[in-house]
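Asker: Input: one structure, supplied below.
The values are calculated or read from the model by the stated rules, or taken from the named source; none is laboratory data. Model, not experiment: these values are computed from the prediction. Here the Cβ positions follow ideal geometry from the backbone for every residue, glycine too, while neighbour counts run over all protein chains shown. All accessible areas refer to the heavy atoms of the entire protein, side chains included, with ligands and DNA or RNA removed. Shrake-Rupley method; radii C 1.70, N 1.55, O 1.52, S 1.80 Å.
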Amino acid sequence: MSLIQKISLRFIDKANMLSLDVVAGACAGLFFFGDMMGLSLPLFLYILLGMAVWTIYTFDHLLDAKKIPQKALSRRHRYHQKHFNKLSLITAFISILGIVLALKWLSWDGLLGAGLLLITLIMIVIIGLRFAYVKLAVFKEAAIALLYVCGIVLVPFWQQDFGFESWNWLFYAAGYFALAWFNLVFLSYMDAALDKAQGHHSIMTVLGKKRTRQLLWGLVAFSLMYMLILFIILPSFYHRYTLIWGMMILIHAISFMEHPSNISSARRRLELSFSLPILLILFE
């Protein structure tokens, strides 16, 4: 392996550890829906979304790291344990900076209020699920997937011209939900042993391996059929979006069928797949 390859892999690994690939995927999702609706979104909206996503994900990881009394088994949780104080300060700083910038760039009577409401709801769900009845953990991945989609769709939805734009983007909002849900369930499936050992609850720890696999196969079958339906019923203009979304689905489906032995590598590949909408630039 060359020096450049080693540096690249180390950078990708560090980005995954810090959830920066999730931030990139969320911003790519915002571009996906903005481009579909014919919108040229200003850079500051991507900055605010990136800051919000990073803060939420890092806050969640810090809560997990704090909850584990011993040395964490997963690399991500060990990293957040080791750098807990530093990451806590950075998270607080990014949160405050994000609010200040949002107050400067957005108006109270519109997107700012909707964004703050959504972020508050996300925080309530993240914290609430930690104190909820164990069986409710089965809904954790679906709830987070729904909120994730709401987060990347909120800005384009708010900015679109309702007198001109079609509502075909709703088909892709549903597809993105299926994709995000599959992603979270699959990650829980791979992390089941670690979650159980560390006392974390997820859909896998509640449903068990067999029923979780059945759900994943069901999501694969639904997504592949849905992709075919979108190619058939939507105008050719939307085929580029179906293709990009379909590529993300196929990467997840193939990874699931491969039974990956290297969980870290599989996680990086899955998270990076959410950045594929950047390929839409080629169609400009």
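Asker: How far, in nm, would the chain grow between Ala221 and Ser166 when pulled straight, counting 0.36 nm per residue and subtracting the alpha carbon separation?
Answerer: Values: separation 55, 0.36 × 55 = 19.80 nm, distance 2.75 nm.
Contour length minus the Cα-Cα distance gives 17.1 nm.
Asker: On a full-extension model of 0.36 nm per residue, what is the gain between Ile229 and Leu73, subtracting their alpha-carbon distance, rounded to one decimal in nm? Can you show the working numbers first?
Answerer: Numbers: separation 156, 0.36 × 156 = 56.16 nm, distance 4.25 nm.
Between Ile229 and Leu73, full extension yields an extra 51.9 nm.
Asker: Keeping the other protein chains in place, figure out the carbon and sulfur percent of the accessible area of the chain, with a 1.4 Å probe. Can you show the working numbers first?
Answerer: Numbers: 10510 of 14810 Å².
That share works out to 71 percent.
Asker: Let me ask something additional. Let me have the relative contact order for the chain, percent, based on Cα pairs under 8 Å that are six or more residues apart. Write down the numbers at each step before the final one.
Answerer: Numbers: 247 pairs, mean separation 76.4, N = 284.
Relative contact order here is 27 percent.
Asker: Per residue, how large is the accessible surface of the chain? Use a 1.4 angstrom probe and give square angstrom. Numbers along the way, then the final one.
Answerer: Values: 14810 Å² over 284 residues.
Per-residue value: 52 Å².
Asker: For an R0 of 25 angstrom, estimate the FRET efficiency from the Cβ-Cβ distance between Ile281 and Met123 and round to the nearest 0.05.
Answerer: For R0 = 25 Å, the calculated efficiency reads 0.15.
Asker: Name the most mobile residue of Thr120, Thr91, Thr55, meaning the one with the largest mean-square fluctuation, in a Gaussian network model of the chain with Cα contacts below 10 Å.
Answerer: Residue with maximal mean-square fluctuation among Thr120, Thr91, Thr55: Thr120.
Asker: Can I ask one more? Using the structure shown, list the pairs from Lys14/Lys66; Lys67/Lys209; Lys71/Lys210; Lys67/Lys104; Lys14/Lys71 with a Cα-Cα distance above 27 Å, or answer none. Could you put the intermediate results ahead of the total?
Answerer: Numbers: Lys14/Lys66 21 Å; Lys67/Lys209 25 Å; Lys71/Lys210 30 Å; Lys67/Lys104 36 Å; Lys14/Lys71 20 Å.
Listed pairs above 27 Å: Lys71/Lys210; Lys67/Lys104.
Asker: Can you give the local net charge around Arg268? Use residues other than it whose beta-carbon is closer than 12 angstrom to its beta-carbon, Lys and Arg +1, Asp and Glu -1. Don't skip to the answer; put the middle values down first.
Answerer: Numbers: positive: Arg10, Lys14, Arg75, Arg76, Arg267, Arg269; negative: Asp13, Asp21, Glu271.
Result for the neighbourhood of Arg268: +3.
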